Amino acid sequence: MPALLEALEIEPDTQALVFSKTSFQQRLISPATPRAIYFRDDAYVGWVRGGDVVEISTVDPQLGAVFYTLDQKRADSPRLERRTHECLQCHASTLTRGVPGHLVRSVFPDPSGHPILSAGSFVTTHESPLAERWEDGTSPARTARSAIWATPPCPRCQAEQFDREAGANVTDLTGRFDTARYLAAESDLVALMVLEHQTHLHNLITNANYQTRLALNDERIMNEMLGRTDGTHSPTTLRRISTAGDLVVAACCSAAKQSWWLRCAGRVASRRALRRADHATSTAGPCGFDLEQRLFKYPCSYLIYSEAFDGLPDLVKQFVFKRLDEILAGSVNARSTPSHGRDAAGNSRNPPGDQARLAHRSDA
């Protein structure tokens with residue numbers, strides 16, 4: 001694992017530990033043998049103790065999430081195997097808006113790690129309330145989800161029957177499983193929050209890409225049927241594109257507004273590792289952490305510098321840039337009515353992308 005993470009330029013201190021059986025290697029996952037997740041801004045690695053393979057996924061600018069496995073047996077020439085159908089059964093569903101995406105989900109597990117689906121589950125993003133989040137570490141609110149599971153005689157517990165105090169504010173995992181078998185001894189809050197933000201926004205960027213291409217293809221077919229000139233964008237097409245683009249804008253601009261993490265107690269080592277990864281290995285721009293007033297220093301997500309964002313079709317990317325310019329100018333907020341990327345006369349507007357990306361650097 002250290003060699004693999006080094007090759008992929010992923011820091012071991014980004015480790016997040018998951019003890020629920022929510023992977024295709026679920027038989028090996030339990031509270032005593034959690035699955036470890038490591039990541040950077042465009043790649044993720046999942047490792048299960050004793051598993052046959054290492055799970056790897058990347059973010060392709062056009063396809064979205066792409067999945068691979070690497071056999072854990074020693075080989076002279078290690079080879080990544082592309083996985084599509086097995087992984088996309090879960091990773092291209094309503095939980096990812098129907099596009100190939102990554103998924104962070106909070107569940108109520110039983111003592112063996114099986115999710116009790118009758119108790120409900122939550123897709124976790126940077127906007128999720130504390131009561132719906134999963135974490136191992138010091139929480140700023142004791143209502144947060146943590147290392148808890150249902151105990152007999154409650155095989156089909158409801159959410160209100162869980163004792164949230166039992167696993168809250170855990171700062172030392174050594175008594176829960178053999179931490180020496182992992183690359184880090186903890187599951188850090190800062191890493192978890194970055195993971196929740198990043199997977200959510202990656203999925204929205206992929207969704208905007210797919211929805212724009214679908215809308216333009218549908219419009220091309222309709223134009224051929226009606227004899228209209230190619231490139232004429234109907235209000236329906238612009239509305240479909242702006243709806244998907246607005247979701248990207250809102251997620252880009254809301255990542256930093258997490259004031260309830262004021263007392264976040266993420267590990268110093270993890271903060272150092274993530275900052276080092278920002279500047280040394282990240283393909284996106286440095287995200288920068290605040291961790292006092294909010295999660296990130298800048299009010300616009302670092303993923304605006306990513307290859308996935310650059311790979312968006314021009315029409316939706318222009319719309320996103322225009323909205324960011326309007327937000328910076330103070331004329332709209334991140335959740336106001338979409339303008340469909342056109343001025344009052346109906347003419348297309350193309351704001352300069354470099355200027356719009358100042359949103360990432362503005363401390364206003």
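The values are calculated or read from the model by the stated rules, or taken from the named source; none is laboratory data. Just so you know, these numbers come straight off a predicted model, no measurement behind them. Here Cβ is always computed from backbone atoms with ideal geometry, including for glycine, and neighbour counts include all displayed protein chains.
Things worth noting here:
- Restricting region 283-312 to residues that are farther than 16 Å from A251 by Cβ and surrounded by 18 or more Cβ atoms within 10 Å (Cβ to Cβ) leaves a set whose member that is modelled with the highest pLDDT is K297.
- For the condition without any contact (Cβ under 8 Å) to a residue 40 or more places away in the chain and under 25 Å from A208 (Cβ atoms), L88 qualifies.
- Region 34-52: number of residues that are surrounded by 19 or more Cβ atoms within 10 Å (Cβ to Cβ) and in contact (Cβ under 8 Å) with a residue 24 or more places away in the chain: 13
- In summary, strands (runs of 3 or more DSSP E) completely within region 1-114 and bearing 3 or more residues that are of a type in the set (D, E, K, R) and farther than 24 Å from D188 by Cα occur at 80-83.
- Scanning region 52-94 for residues that are modelled with pLDDT of 90 or more, of a type outside the set (A, V, I, L, M, F, W, C) and under 25 Å from T124 (Cβ atoms) yields E55, S57, T58, D60, P61, G64, Y68, T69.
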